[in-house]
Amino acid sequence: MTTTTAPEAPSVLIENLAKAYPGGPTVLEGITTSIARGEFVCILGASGCGKSTLLNVLAQLEPPTTGAIEVPDDGAAFMFQEASLLPWLTARGNVELALRLRGVPARERRQAATELLHLVHLGEAGGKRPHQLSGGMRQRTALARALAQDRELLLMDEPFGALDAITRDLLHDELERVWKATGRTIVFVTHNVREAVRLGQRVLLLSSRPGRIVEQWQVTDSIRNDAAAAAALTRDITDRLRQEISHHA
Amino acid sequence: MPSNPTLLDDQPATGAPPSSPSATTIGDLEAGLDRLQSQGPPARRDLVRSLLPVAAVVALLCVWQILSWAGLKRSDLLPGPLTVAASLADAFADGTLQRAVATSLLRGVSGFAIAILIATPLALLLAQVRTLRAALGPLVSGLQVLPSVAWVPAAIIWFGLTDATVYFVVLMGATPSIVNGLLSGIDQIPPQYRSVGTVLGATRLQHTLLITLPAALPAYLGGLKQGWAFSWRSLMAAEIIAVGGSIGFGLGSMLQQGRDLSSMPLVMAAILAILVVGIVIELLVFSPLERRLLRRRGLLTQGAS
C-alpha cells in the first residue's frame, strides 16, 4: 500500500464549515480539509468537540450552518457508536435490510449478505439475533451492514468505544484488512489517541468549543510499523490534546 | 508478537512486530473470542411452574365446595361447584352453551379485527402529524377511560336491537387502547433506529413499514392485548343490556337469562364460561405471541417465562 498523493479528485471536500445550533454555542468553526479517495482519516478530540456533529454533517443527517461540503453523490455509509443493530432482525437480516434499501433485488440479497458476513468472519452467526452476539460480533455485523450500503465513503463514529481492549485490538486488525480489501475512504472519529495512530493515515486534532482543526499528523507506514516511532507520535499527539483541553480550565 | 509462537518462524528477529497478522489468524482469533463471549442456549421452561396456576384453581374449587357444604347461605343463592357444573352440562347438552360461546366469540373477534383496522392507521397518522396528535391525543386517552357500557344506550337509539349496536360498543371499547398502545410504542423507539433508517436511505413508507412498526411491535401487542380485554368486556355489557330484536344469543344473553329465571347456577355457569373464554384467548393467542416476540429480541428475563 502506498501513501496517497491524491492525483484524482478528492472524495470529500470541506470548505470553511461551521455549525451552530439556534440559541446554542458554536459547535464547529472554520473546518477546511480535503480527504483523498481511499484515504483513512482519523478525527481526534476530547468529548464534546463536535466530532460526531462533523460526521453527521458529512452524512447529511444535519445541514451545515455556513460553509460548504462536497461528498460523493451517492452519500456515505455510516457506522454508529453502538447498539444500532435492529433487535427484531437476525445478523443477516440487518445486512439484508441495507441491501434492500439500496435496491438490491430480493433473490440476490441472501447471497450478498452471506458474503459480507464472511468478510467480517461471521459466516456462521448469520442466523443469530443481536442479543445473542457479543459486543465485538455486533460491531462486525454493523460493519458488514455499512459495507452493504456499497458507498465509497464510510463514516465511523467511535465504533469500538464500548468494546473491551482485546476485542478492540482485534477489530483494528479486522478493519485495516477490510479497508485494504475494499479500498473505501474512511473517516473514523475517536477520542483514543492510540487508536487514531494505529488506524489512520492522517490524524486530525479537533479543539473543543468551538471545534477547529488545530493540528494534523501524517502516520506513514514506517511510523506505524516501528513501535518506538508510533509511541513517540502517540505521545506528541497526546501532549497536544492535553494542552488543548487545559485551555478550558 | 512473542505471545504467538506460530508467527515466529516466518518472522526472523527484526525487532519490529509483523505488519499485519494473516487473515486466517484474525479469523481464528475472532472465532475463539466469539465462542468465549457468546451466551449458551436459553434455559428450558419449568414444568412445575406451569402447573402452579392449575393447582391454584383446584384449591379455589375445593374452598368453594366446602363453603357450599357448610351451608352458610341457602343453596339456591350459593350453589356449589358441582351444581354449577351440572348446569353447564345441561347447557352443553341442549347446545345453548356452544351457540352462546360461538356467537360471542365471533362477534368479539370480528369487532376486535375491525378495531385493529381502524386503530392502526389512525395511530400511525397521529404519530406522523404533530398538530393532529396534540389535538386528538387527550381525546383518545379520555375515551380509553370512558367505560364503553356508556355507549350502549346511545347505540340502541341509533342502531336499534341489531348486531350493529354490539359492534359499535366493541369498537368504541377497543380502538382507544390499540391507538394508545401503538402510539406509546412509537414514542419509545430509540432515536438511533431512526438514524439507521435515514442513513440506509429508507423512504418515508419504508421507514414506517420496516423500522417504525417492527420497533413499536412490543408496545403495540400490549395495546392489542388491552384492546381485546376491553372488546370482550364491552361485548358482555352490550349483550346483557341489549337482548332481543335481531341480536343473537351470546354469553351475555345467557347471563341475563339466568338472572331473569332467578337461576343462580345458570348465572355462575355463564360467568365461568365468560372467564374461561378470556383465559383461553390469553393462553392460546396473546401469551405465546408475546413470549415469542420478547424472546426473539432478548427482552424476556428468565423469571418471567
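Once a ≥ b ≥ c are taken as the square roots of the eigenvalues of the Cα gyration tensor of chain B, is the result rounded (a/c under 1.5), prolate (a/b larger than b/c) or oblate (a/b not larger than b/c)? Since a/c reaches 1.5 but b/c is at least a/b, the shape of chain B is classed as oblate. Taken residue by residue and averaged, Cβ atoms of other chains lying within 10 Å of the Cβ of A:99-108 number 2. For chain A, modelled as a GNM whose springs connect Cα atoms under 10 angstrom apart, the maximal fluctuation among A:Asp236, A:Asp221, A:Asp73 occurs at A:Asp73. The mean number of partner chain beta-carbon atoms within 10 angstrom of a residue's beta-carbon across peptide A:168-178 is 3.
Any chance you could give the angle, 0 to 90 degrees and rounded to 10, that helix A:106-119 forms with the longest Cα principal axis of chain A? Compared with the principal axis, the helix lies near 60 degrees. Lysines near A:Lys19 by alpha-carbon distance under 30 Å, same-chain residues fewer than 8 away left out - which ones? Cα-Cα hits under 30 Å: A:Lys51. Each of B:Ile114 and B:Val48 was given a label point 7 Å from its Cα along the Cα-to-Cβ line. The distance between the two points is 5.0 nm. Taking the charge dipole of the protein assembly as shown about its Cα centre, with +1 at Lys and Arg Cβ atoms and -1 at Asp and Glu Cβ atoms, the residue from B:Val243, A:Ile43, A:Val104 reaching farthest to the positive side is B:Val243. Based on alpha-carbon centroids, what's the gap between segment A:100-137 and segment B:210-263 in Å, whole number please? Cα centres, segment A:100-137 to segment B:210-263: 44 Å.
Beta-bridge orientation, the protein assembly as shown: approximately 45 percent antiparallel, per DSSP, counting only bridges with both partners inside. With contacts taken as Cα pairs under 8 Å at a separation of at least 6 residues, chain A carries a relative contact order of 27 percent. Largest GNM mean-square fluctuation across B:Arg194, B:Arg107, B:Arg49, computed for chain B with C-alpha springs under 10 Å, falls on B:Arg49.
From other protein chains only, count the Cβ atoms within 10 Å of every residue's Cβ in A:134-146, then give the mean. Kindly include the intermediate steps, with their values, before the conclusion.
Details: counts 8, 1, 4, 5, 0, 0, 2, 0, 1, 0, 0, 3, 2.
Average neighbour count from other chains, rounded to a whole number: 2.
None of the figures in this text is laboratory data; all of them are computed from the coordinates on show. Every value quoted in this text rests on a predicted model; they were computed, and no experiment measured them. Virtual Cβ from ideal backbone geometry, glycine too; neighbours counted across all protein chains shown.
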